[in-house]
Amino acid sequence: MKVVLINPPSPPEFRVSRGLMGGFGMAVNPGLLYPPIELAHVASVLEEDGCEVVILDADARDLDAAGALEELVASGADFFCLDSSSTSLDRDLALARELRTTTGRPIAILGSQVTYTPGEIFSKDSVDCVVRGEPEYTVRDLVRRAKDSETFASQRFAGVEGVTYARADGEIVHEPEREKISDLDALPIPARHLLDNHAYRFPGIEGPITTVKSSRGCPLNCSFCGYTLAQGLRFRFRSPESVLKELEDLYFVHGLRHVVFRDPIFTTRKDRIHAICDGIIARGMQIEWQCETAVKVLDPELLAKMAAAGCRHISLGVESGNAEMQKKHCGNKLKDLEGAEEVFRAARRVGIETRAFCMIGFPEETPAMVEETIQLVNRLDPDQVQFCAVTAYPGTPLYEMLRGERDFDYATMTGFQALEGNEHMTKEEIEAKIREAYRRFYLRPRRFVREIKSPARLAGKVARYFTLFRRRA
């Protein structure tokens, strides 16, 4: 059976990276293009099950919706499954609808947005079913069902855990949840041979990049974060041996030298990271890599080991400089501000660049609280900073908190546009605060002198600043 997994084209106004924010996706720098690693994980499970699999990554191929549709129809696939994001959902569903009408083949859709709003997806008969939660085994079971033409004709998707579908009479059926995958080592490594690995890039990095998911889950449960929805609160990790096996494949087989670890909190288990770093060094893999983590699970010794193993950049969730916002919305990541300063200094000493992730626009946040965040980031002085508008993605604690008070337009969930104002700031004032925060960080005299030493990189940051709030047509 032939299966095509689809990463649909981004809207023309901006690039969408569907794997970010726990699968809700967000608008990103046009110079950033991550591989659809979630689809590569699904593909490897399907191949192991005997399927012929193709991954169509429209952005990597520079295809618009019409071009993607033409290739998909010509593929002659028996089953299609496409990824989705909040801000591109209407376009993703439009492509699915055209494909379904043209081919008559079963079409599934996955992603965090559709997982938490599954009943809304069937209003225009765009897809046959929604894959909720972790997709690997659910998509495999859907394809197995579709292979059995007699059972499929009579039962469709009935009894397949983790799916939602519409009956012929219009009734929406939610099958039971599928348990999270407990043994991540049992999954085959992603099917990178189905990707054009040299098409993927990251601003400021020379040469192609790839991504690795070495763990899933995050115990911090920030109110705005989609990772815990997609992956759960329990930290599930792959063994160092499993991670190193994937690194060997991408390094020795595919010739890749730049890796972005896409774990929510990469250094949750320090002993595991020490073992992974030791393995990279012992195998002589000259990779440069980066990760995301939290200040409170780093220390100078671990940073030194990570640097020796090729770590060149760490993104750290700072989120807010206000203690109340930290406790209520941010997992209390920064209880010790002096300790946080030391982590940033220690990273700089061993040659690791840092980026601080910050959020502006929490429901109770005042302009004075935003000022605390701006002052904290300037005090920490990371190499880069990212200020995002607080976004209430469906299913998050923040969404439940605000539900019933506001109507949300999914197309505006870019990560940088404020969806609404709060009781202290209007939507426009929140976006103005984000612009102000960027200016005050990068235009400090000593900082600006540092920036102009890398003119190409500075030009990229300026371009990014002016495209942050570009809106969908």
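The values are calculated or read from the model by the stated rules, or taken from the named source; none is laboratory data. Just so it is clear, the model here is predicted, and its values are computed rather than measured. With ideal geometry, Cβ positions are generated from the backbone for all residues, glycine too; neighbour counts draw on all protein chains shown. The protein model used for the area step is the full one, side chains on, heavy atoms only, and it has no ligands, DNA or RNA in it. Shrake-Rupley method; radii C 1.70, N 1.55, O 1.52, S 1.80 Å.
Inside the range 306-322, can you point out the residues that are part of a helix (DSSP H, G or I) and open to solvent by 10 Å² or more (accessible area, probe 1.4 Å)? It would help to see each step written out before you state the result.
Just the residues of the range 306-322 that are part of a helix (DSSP H, G or I), to begin with: 306-308.
Listed by number, the residues that qualify are 307, 308.
If you go through the range 347-375, how many residues are assigned to a helix (DSSP H, G or I), free of Cβ contacts under 8 Å to residues at least 60 places away in the same chain and open to solvent by less than 10 Å² (accessible area, probe 1.4 Å)? Break it down stepwise before answering.
Filtering the range 347-375 for residues assigned to a helix (DSSP H, G or I) gives 347-349, 367-375.
Those still in the list that are free of Cβ contacts under 8 Å to residues at least 60 places away in the same chain too: 347-349, 368-369, 371-372, 375.
If we keep only those that are open to solvent by less than 10 Å² (accessible area, probe 1.4 Å) too, we end up with 347.
Total satisfying the criteria: 1.
Within the range 263-275, restricting attention to residues that are touching a helix residue (DSSP H, G or I) at 6+ places or on another chain (Cβ under 7 Å) and surrounded by fewer than 21 Cβ atoms within 10 Å (Cβ to Cβ), which residue is modelled with the lowest pLDDT?
268
Please pick out the residue among 212, 253 that is among the β-branched types (Val, Ile, Thr) and farther than 28 Å from residue 86 by Cβ. Spell out how you get there, then give the answer.
Working: 212 fails: farther than 28 Å from residue 86 by Cβ.
Going through 212, 253 in turn, the sole match is 253.
For the range 162-183, how many residues meet the condition of being surrounded by fewer than 19 Cβ atoms within 10 Å (Cβ to Cβ) and touching a strand residue (DSSP E or B) at 6+ places or on another chain (Cβ under 8 Å)? Walk me through how you get there before you give the answer.
Quick first cut of the range 162-183, residues surrounded by fewer than 19 Cβ atoms within 10 Å (Cβ to Cβ) only: 167-177, 179-183.
Applying the additional criterion that residues be touching a strand residue (DSSP E or B) at 6+ places or on another chain (Cβ under 8 Å) yields 167, 172-175, 180-182.
The number of residues fulfilling the criteria is 8.
Within the range 118-128, which residues are open to solvent by 10 Å² or more (accessible area, probe 1.4 Å) and among the polar types (S, T, N, Q)? Show your work before the answer.
As a first pass, look at the range 118-128 and keep what is open to solvent by 10 Å² or more (accessible area, probe 1.4 Å): 118-120, 122-125, 128.
123 - this is the single residue of the range 118-128 that is open to solvent by 10 Å² or more (accessible area, probe 1.4 Å) and among the polar types (S, T, N, Q).
Report the residue count in the range 43-60 for those that are touching a strand residue (DSSP E or B) at 6+ places or on another chain (Cβ under 6 Å) and in contact (Cβ under 8 Å) with a residue 60 or more places away in the chain.
8
Answer yes if at least one residue in the range 59-76 is open to solvent by less than 20 Å² (accessible area, probe 1.4 Å) and closer than 30 Å to residue 186 by Cα, and no otherwise.
No, the range 59-76 has no match at all.
If I ask for residues that are at negative phi and open to solvent by less than 80 Å² (accessible area, probe 1.4 Å), which ones from the range 146-160 would you list? So that I can check it myself, show each step before the final result.
Let us first name the residues in the range 146-160 that are at negative phi, namely 146-155, 157-158, 160.
Matches in the range 146-160: 146, 148, 151, 152, 157, 158, 160.
Filter the range 85-107 down to residues that are open to solvent by less than 10 Å² (accessible area, probe 1.4 Å) and out of contact with any helix residue (DSSP H, G or I) (no Cβ under 6 Å at 6 or more places or on another chain) and give me whichever is farthest from residue 69 (Cα to Cα).
85
Test residue 420 against the stated conditions and say whether it is assigned by the TED database to the domain that holds residue 368 and at pLDDT 70 or above.
So residue 420 passes the test.
Please go through the range 376-401 and give me each residue that is open to solvent by less than 10 Å² (accessible area, probe 1.4 Å) and either assigned by the TED database to the domain that holds residue 112 or among the small types (Gly, Ala, Ser) (or both), ordered by number.
Across the range 376-401, the qualifying residues are 389, 392.
Taking the options 256, 303, name whichever one is in a loop (DSSP other than H, G, I, E, B), of a type outside the set (D, E, K, R) and open to solvent by less than 10 Å² (accessible area, probe 1.4 Å). Steps first, please.
On the way: 303 fails: in a loop (DSSP other than H, G, I, E, B).
The match here is 256.
Report, by residue number, each residue of the range 276-297 that is at pLDDT 95 or above and either open to solvent by 40 Å² or more (accessible area, probe 1.4 Å) or over 30 Å from residue 319 (Cα atoms) (or both).
Residues satisfying the conditions are 278, 279, 280, 281, 282, 283, 284, 285, 286, 288.
Across the range 230-253, what is the number of residues that are among the aromatic types (Phe, Trp, Tyr) and assigned to a helix (DSSP H, G or I)?
Here is the first cut: in the range 230-253, the residues among the aromatic types (Phe, Trp, Tyr) are 235, 237, 251-252.
Imposing the further condition that a residue be assigned to a helix (DSSP H, G or I) reduces the set to 251-252.
Final tally of qualifying residues: 2.
Condition first: open to solvent by 40 Å² or more (accessible area, probe 1.4 Å), in contact with a strand residue (DSSP E or B) (Cβ under 9 Å, 6 or more places away or on another chain) and farther than 18 Å from residue 53 by Cβ. Can you find one or more residues in the range 129-145 that meet it?
No, the range 129-145 contains no residue that is open to solvent by 40 Å² or more (accessible area, probe 1.4 Å), in contact with a strand residue (DSSP E or B) (Cβ under 9 Å, 6 or more places away or on another chain) and farther than 18 Å from residue 53 by Cβ.
Looking at residue 331, is it at pLDDT below 95 and part of a helix (DSSP H, G or I)?
Details: at pLDDT below 95: yes; part of a helix (DSSP H, G or I): no.
Criteria not met by residue 331.
Given (1) in a strand (DSSP E or B); (2) in contact with a Pro (Cβ under 9 Å, 6 or more places away or on another chain), identify the lone condition not met by residue 386.
Here residue 386 meets the rest and fails (2).
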